[in-house]
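In what follows, a single structure is set out as structure tokens and then discussed.
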Amino acid sequence: MLERECVLTKLIIFGAILFWIMNIKTNLVWSHSPHDTVDTLAISPRYQLDKTVFCNLTHGNFFLLKSTNKGISWGPSQIGLPHFKMNFVAFSPSYEIDKVVFAGTRGGGVFKSIDGGVSWNSCNNGLTDLTVTSLSVSPSFVLDR
């Protein structure tokens, strides 16, 4: 498992300057403390090449945001997603090719995007509990599906 140090950076989201601190060990992420919490942060497996990051921001409601320029600017990634708290965002290991991303919600189940987060569809067939706390994507996902 990779050890990462705490990261302090400045993000610009819709023209408002927000600061966030990410501590991988405790999974705490705060933005514009004390009221805007980043509940989920996911970094693309090929971040060095595609510079893609997703974060779920809580500010009265839940918003999934996407950046493709290392967090310099952000845009919404909401089409087809209900406003549920995100428990995770997970990339396909071959994201740079297949653009598949999964989002797990508290109460809405799992959603899948096949276009890099532009739009989302529910994929809850067989799930009896729609509170999804984690999901692992197979390293052979491209072959497994």
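The values are calculated or read from the model by the stated rules, or taken from the named source; none is laboratory data. Bear in mind that the values here come from a model prediction, so they are computed numbers and not experimental data. We place every Cβ from the backbone using ideal geometry, glycine too, and count neighbours over all the protein chains shown. Heads up: the accessible areas ignore ligands, DNA and RNA and are worked out on the full protein's heavy atoms, side chains in. Shrake-Rupley method; radii C 1.70, N 1.55, O 1.52, S 1.80 Å.
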Inset, instruction - Go through region 24-63 and count every residue that is at pLDDT 60 or above and in contact with a strand residue (DSSP E or B) (Cβ under 8 Å, 6 or more places away or on another chain). - result: 22
Inset, instruction - Enumerate the pairs (first residue in region 70-83 and at pLDDT below 80; second residue anywhere and outside any loop (DSSP other than H, G, I, E, B) and hydroxyl-bearing (Ser, Thr, Tyr)) with beta-carbon separation below 8 Å, excluding pairs fewer than 6 apart on the same chain, so at least 6 apart or on different chains. - result: GLY71/THR9; SER73/SER67; TRP74/SER67
Inset, instruction - Mind counting the residues in region 74-111 that are out of contact with any helix residue (DSSP H, G or I) (no Cβ under 8 Å at 6 or more places or on another chain) and surrounded by fewer than 15 Cβ atoms within 10 Å (Cβ to Cβ)? - result: 7
Inset, instruction - State which residue is nearest to LEU41 (Cα to Cα) when the search covers only region 112-122 and only residues that are open to solvent by 10 Å² or more (accessible area, probe 1.4 Å) and of a type in the set (Ser, Thr, Tyr). - result: SER119
Legend entry - Failed condition for ASP39, given (1) free of Cβ contacts under 8 Å to residues at least 60 places away in the same chain; (2) within 20 Å of CYS123 (Cα to Cα): (2)
